[in-house]
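Here's the structure we're looking at; comments come further down.
No value in this document is a laboratory result; all are computed from the given coordinates. It should be emphasised that the depicted structure is a prediction, and the values quoted were computed from it without experimental measurement. Backbone-built Cβ (ideal geometry, glycine too); neighbour counts: all protein chains shown.
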Amino acid sequence: MLVGLNTESVTRVSIIVGTKGRGSNMVALAQHITADPGFVIHRVIGTKADAPAIEKAKELGFKTAIVPLGESFEKDLAAALDETNWICLAGFLRLLPESIVNRWDHRILNIHPALLPKFGGKGMYGHFVHDAVIAAGETESGCSVHYVTKEYDEGAIIRQERCPVLPNDTAETLADRVLILEHRAYFAALKEVAHRSRS
Ligand code: GRF
């Protein structure tokens with residue numbers, strides 16, 4: 001098992017994806033990682049083989065692991081993550097088992113499509129987030145990359161990028177604007193914290 005100080009020159013990153021998303025953050029993050037000699041994708045992990053993000057990961061040639069939800073989820077997830085230095089959640093909407101959060105303490109990141117601490121928490125994902133931002137009359141939104149803890153969306157924020165909320169925005173138009181920020185913010189945040197932890 002390789003957690004803690006990474007003494008090797010390459011940082012192994014596993015991405016845990018959800019069943020609902022398109023996998024666009026996984027693809028963007030994986031492309032940045034592949035282009036950077038300091039990082040490598042260790043595994044793309046999902047709970048269902050037919051999830052769009054898993055299918056995309058396979059098409060791109062990444063090693064995937066399917067860990068179904070169930071009694072042995074915690075044990076099987078730990079096994080799939082073994083030798084992973086950093087974990088990135090991309091559309092995974094559940095809380096991770098406590099033992100995983102503890103073992104990779106401050107080495108698990110998530111991306112959220114709003115400016116936390118506002119508009120986060122259980123059930124705040126996808127259009128629910130953007131609907132809430134518009135309903136609150138916000139003039140600015142964006143994305144947040146943060147550490148994962150035992151609670152939803154509560155870990156320290158590493159990076160935020162901002163964009164305007166326009167008067168005629170719908171959840172869809174706002175989501176599209178925020179997604180562009182997400183695709184560049186995630187790797188920038190990962191790179192920053194991974195480098196910081198090495199020095
Ligand atoms: C993104 O909006 C991300 O912020 C959130 O889940 C969504 C996943 O979208 N965590 P995609 O599947 O990466 O396209």
- prompt: According to a simple spin-label model (label point 7 Å from Cα along Cα-to-Cβ), what is the distance in nm between LYS150 and ALA188?
  reply: 3.3 nm
- prompt: Where does the charge balance sit around ILE15 when Lys and Arg score +1, Asp and Glu -1, over other residues with C-beta under 12 Å from its C-beta?
  reply: +4
Hz values of 3J(HN,Hα) by residue in the range 50-57 - Karplus curve (6.51, -1.76, 1.60), Gly and Pro given as x: 9, 5, x, 5, 6, 4, 5, 4
- prompt: Non-local amide H neighbours of ALA65 (under 5 Å, H modeled in plane, Pro and chain starts lacking H): which ones?
  reply: VAL44, ILE45, GLY46
statement: For LEU89, the residues 5 or more places away or on another chain with a placed amide H closer than 5 Å to its own amide H are ILE16, LEU109, ASN110, ILE111
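At 4 °C and a viscosity of 1.567 mPa s, what translational diffusion coefficient does Stokes-Einstein give for the range 86-133, taking Rh as the Kirkwood radius over Cα pairs? Give it in µm²/s as a whole number. It would help to have the intermediate numbers written out before the result.
Details: Rh = 11.8 Å.
Estimated via Stokes-Einstein, D reaches 109 µm²/s.
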- request: Give the residue from THR139, TYR125, GLY91 lying farthest towards the positive end of the charge dipole for the chain; charges sit on Cβ (+1 for Lys and Arg, -1 for Asp and Glu) and the dipole is referred to the Cα centre.
  value: GLY91
Within the range 35-124: Cβ-based charge dipole about Cα centre, in debye rounded to nearest 20 (Lys, Arg +1; Asp, Glu -1): 260 debye
field: Karplus-derived 3J(HN,Hα), 6.51/-1.76/1.60, for each residue of the range 160-171, Hz, glycine and proline x
entry: 10, 10, 10, 8, x, 9, 8, x, 9, 4, 10, 4
query: List the aspartates and glutamates whose alpha-carbon lies under 15 Å from that of LYS191, not counting same-chain residues fewer than 8 positions away?
result: ASP36, GLU182
message: Only four residue types carry charge here, +1 at the Cβ of Lys and Arg and -1 at the Cβ of Asp and Glu. Report the dipole size of the chain about the Cα centre in Debye, rounded to the nearest 20.
response: 360 debye
- line: The equivalent-ellipsoid semi-axes of the chain, taken as the square roots of five times the Cα gyration tensor eigenvalues and listed largest first in whole Å, are 27, 18, 16
statement: For the range 141-199, the Cα-Cα pair-distance distribution in 10 Å bins from 0, as whole percents, is 22, 42, 28, 7, 1
statement: Diffing the range 16-23: the Karplus 3J(HN,Hα) column from phi (6.51, -1.76, 1.60, θ = phi - 60°), in whole Hz with x for Gly and Pro, holds 9, 10, x, 9, 9, x, 7, x
field: Nearest-0.05 FRET efficiency for VAL40 and LYS75, computed from C-beta distance (R0 25 Å)
entry: 0.50
- prompt: Under a 5 Å amide H to amide H cut-off, with H placed in plane at 1.01 Å, what residues pair with PHE39 once short-range neighbours are removed?
  reply: THR11
- prompt: So what are the radius of gyration and Dmax for the Cα set of the range 79-174, in Å?
  reply: 14.6, 48
field: With Cα atoms, 0 to 90° folded angle of helix 24-35 axis to the chain main axis
entry: 50 degrees
